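I have placed the structure first, in the form of structure tokens, so that the comments after it can refer back to it.
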Amino acid sequence: MAKLTFPGGIHPYDGKDLSKDKPITEILPKGDLVYPLSQHIGAPATPIVQKGDRVLTGQKIAEAGGFVSAPIYATVSGTVKAIEPRRIVTGDSVMSIIVENDGQYEEVEYAPADLDALSKEEIIGRIKEAGVVGMGGAGFPTHVKLSPKEPEKIEYVIANCAECEPYLTSDYRRMIENPELLVQGLQCILKLFDNARGILAVEDNKPDAIEALKKAASGVDRIEVKALKTKYPQGAERQLIYAVTGREINSSMLPADAGCVVDNVDTIVSINQAVREGKPLMHRIVTVTGDAIADPRNFIVRIGTNYSELIEEAGGFKQDPVKVVSGGPMMGFSLFGLDVPTTKTSSALLCMTHDEVSDHEPSACINCGRCVEACPERLLPSKLADFAEHGDMDKFKAYEGMECVECGSCSYVCPAKRQLTQEIKSMRKTELANRKKK
Ligand code: SF4
Ligand code: SF4
């Protein structure tokens, strides 16, 4: 695959060659499964099982805690061992249901349906009941996203097939292995929006994925494939909407304000499964990669599986990792340990023998302007980080700090290795928390 390009013309190593040719393989969990009740944006789910209960694969174990929330399902059969706080990838301790796997994978019966026979309300209901959330990282409940105030104003349903983060290849594998599932999922969403076209938006460094999707979408009404320039962060929602439609949105707008709905690859496949097969969200594809991994792979993983098992399935470490990240190198979370569960939003596990950031001590800004060139939002990252360091929220907001999409480009290109994104991110977090309190 080609190198990535930042808006400023900088080319980071994209790392995708490590795993892009590894077909998706299913792995079965060996240890206990851990289901955090907060693995989505919104209210935590509420447990509907108790310690000692036997559960089946596909059985609901936690109910949505409100409209902006999502239920959680057991992904194996077994016994509820405990309901207690467990560590997740962010380092937070979150109340979780722990299920001891009996290795039988005894499953509930699902209720398939014919898409043509379903009403819009029934489609949304099936997606909500299946616990589908944005699997690209955000975890926003999908039924909420698919219920804009004015559905007739939605003109574009965009399948986010950009996968612009370095190292990640799970969407790529899905596109070349099961393009028909993406097209079928997009058809389910399009049934909700009578005036919309479905666009499968793929970066042009994946010509075989573009080819496969074009073939699968050939002759399908209202669906087309659009090749996008390979440019980090092309898959960020705002950048994607702009690339596909030429419309701009800011932090105070929703994609629906620009007539768009955007969903990522795994989410669309899960929507298809929920609507047509009546199956809840139980699996996701995880890329396990990095130069510390013996055999980088793309796995289909049961949600709740411990991260350490994913490493083991990928042949373990060939060299001790200096940095382990959940997600991609630009936007993922650095991990302190591997004893955390795979959740609905776990896209990758990246293990690196070098950490470019901690290899170098941050030094003073040399005013080179590289961060400004690299910023897709045309912000002044160096100034924003200064304001963040001094806790100057007024100036931070005046310089549009809230428009940052936390893409990590500024930190990546900074020769002084300033922790620009981290500073800006923490300031944004503070402001968002202040807004919630009001
Ligand atoms: S300021 Fe935000 S949007 Fe701009 S490059 Fe840095 S992280 Fe990305
Ligand atoms: S890239 Fe780093 S050194 Fe260059 S202007 Fe930005 S903060 Fe300063």
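Under the rule of at least 5 residues apart or a separate chain, name every residue whose amide H is placed under 5 Å from the amide H of Gly198.
Hits under the 5 Å cutoff: Val157, Ile223, Glu224.
From Cα pairs below 8 angstrom and at least 6 apart in sequence, can you work out the relative contact order of the chain, rounded to a whole percent?
18
Measuring from label point to label point, each 7 Å out along Cα→Cβ, what is the Ala398 to Ser426 span in nm?
2.3
Divide by every residue of the chain the summed helix terms, -39500 (n - 2.57) for each DSSP H run of at least 4, and state the resulting mean residue ellipticity at 222 nm, rounded to the nearest 500 deg cm²/dmol.
After summing the helix terms and dividing by the residues of the chain, the value is -7000 deg cm²/dmol.
Show me, for the stretch 306-312, the HN-Hα J-couplings you get by feeding each phi into the Karplus relation (A = 6.51, B = -1.76, C = 1.60, θ = phi - 60°), rounded to Hz, glycine and proline as x.
For the stretch 306-312, the Karplus curve yields 5, 4, 4, 5, 5, 5, 4 Hz.
Rounded to the nearest 20 Debye, what is the dipole magnitude of the chain about its Cα centre when Lys and Arg each give +1 and Asp and Glu each give -1 at the C-beta?
So the magnitude is around 780 debye.
So, counting K/R as plus one and D/E as minus one, what does the shell of residues with Cβ under 14 Å around Leu56 add up to?
Net charge in that neighbourhood comes out at -2.
Please identify the trypsin sites (Lys or Arg not before Pro) of the stretch 110-179 that satisfy two criteria: DSSP loop assignment and at most 12 other Cβ atoms within 10 Å. Which are they?
Lys149
Under a 5 Å amide H to amide H cut-off, with H placed in plane at 1.01 Å, what residues pair with Ala348 once short-range neighbours are removed?
Here Thr287, Gly327 satisfy the definition.
In the chain, which Cys residues have no partner Cys with a Cβ closer than 4.7 Å?
Cys161, Cys164, Cys188, Cys260, Cys351, Cys365, Cys368, Cys375, Cys404, Cys407, Cys414
Please name which of Pro255, Val94, Leu240 has its Cα lying farthest along the dipole of the chain towards the positive end, using unit charges on Cβ (Lys, Arg +1; Asp, Glu -1) and the Cα centre as origin.
Pro255
By the gyration tensor of its Cα atoms, with a ≥ b ≥ c the square roots of the eigenvalues, what is the shape of the chain: rounded for a/c under 1.5, prolate for a/b over b/c, or oblate?
Rounded is the answer for the chain, as its axis ratio a/c remains below 1.5.
How many nm is it between the label spots at Asp355 and Val220, if each spot is 7 Å from the Cα in line with the beta carbon?
Rounded to a tenth, the inter-label distance reads 4.2 nm.
Among Met175, Met135, Met352, which one shows the highest mean-square fluctuation when the chain is modelled as a Gaussian network with alpha-carbon springs under 10 Å?
Met352
For the stretch 115-277, compute Rh as the Kirkwood radius over C-alpha pairs and then the Stokes-Einstein diffusion coefficient at 4 °C and 1.567 mPa s; write the answer in µm²/s, rounded to an integer.
Answer, rounded: 84 µm²/s.
Residue-wise, which Karplus ³J(HN,Hα) couplings in Hz belong to the stretch 127-132, taking 6.51 cos²θ - 1.76 cosθ + 1.60, θ = phi - 60°, and x for glycine or proline?
5, 5, 5, 7, x, 6
Say each of Ala117 and Glu406 gets a label point 7 Å from the Cα, pointing the same way as Cα to Cβ; how far apart are those two points in nm?
Result for the modelled spin labels: 4.3 nm.
How much space per residue, in cubic angstrom, does the convex hull of the C-alpha atoms of the stretch 369-433 take up?
Normalising the Cα hull of the stretch 369-433 by residue number yields 67 Å³.
May I ask what percent, to the nearest 5, of DSSP beta bridges between residues of the chain are antiparallel?
60
Taking H placed 1.01 Å from N in the peptide plane, check which residues at least 5 places from Val262 or on another chain put their amide H under 5 Å from its amide H.
Those qualifying (amide H under 5 Å, at least 5 residues apart or on another chain) are Ile158.
Within 10 Å of each candidate Cβ there may be at most 11 other Cβ atoms; applying that plus a DSSP loop requirement, which GluC sites (Glu not before Pro) in the stretch 75-134 survive?
The qualifying sites are Glu109.
Within 10 Å of each candidate Cβ there may be at most 12 other Cβ atoms; applying that plus a DSSP loop requirement, which chymotrypsin sites (Phe, Trp or Tyr not before Pro) in the stretch 300-343 survive?
Answer in residue order: Phe336.
Over 22 Å between Cα atoms, which of Lys120/Lys145; Lys206/Lys229; Lys51/Lys279; Lys128/Lys215; Lys16/Lys323; Lys149/Lys215 qualify?
Check vs 22 Å cut-off fails for Lys51/Lys279; Lys128/Lys215; Lys149/Lys215.
I need to check one value: relative contact order of the stretch 115-277, counting alpha carbon pairs closer than 8 Å and at least 6 residues apart, in percent.
The normalised contact order for the stretch 115-277 reaches 33 percent.
Using the Karplus curve 6.51 cos²θ - 1.76 cosθ + 1.60 with θ = phi - 60°, what ³J(HN,Hα) values do you get for each residue of the stretch 139-146, in whole Hz, with x for Gly and Pro?
Per-residue couplings from phi come out as x, 6, x, 5, 5, 6, 4, 8 Hz.
Every read-out reported here was derived from the displayed coordinates using simple, explicitly stated rules and does not represent laboratory data. On a predicted model such as this, the values are computed, not experimentally measured, just so you know. Note: ideal-geometry Cβ built from the backbone for every residue, glycine included; neighbour counts use all protein chains shown.
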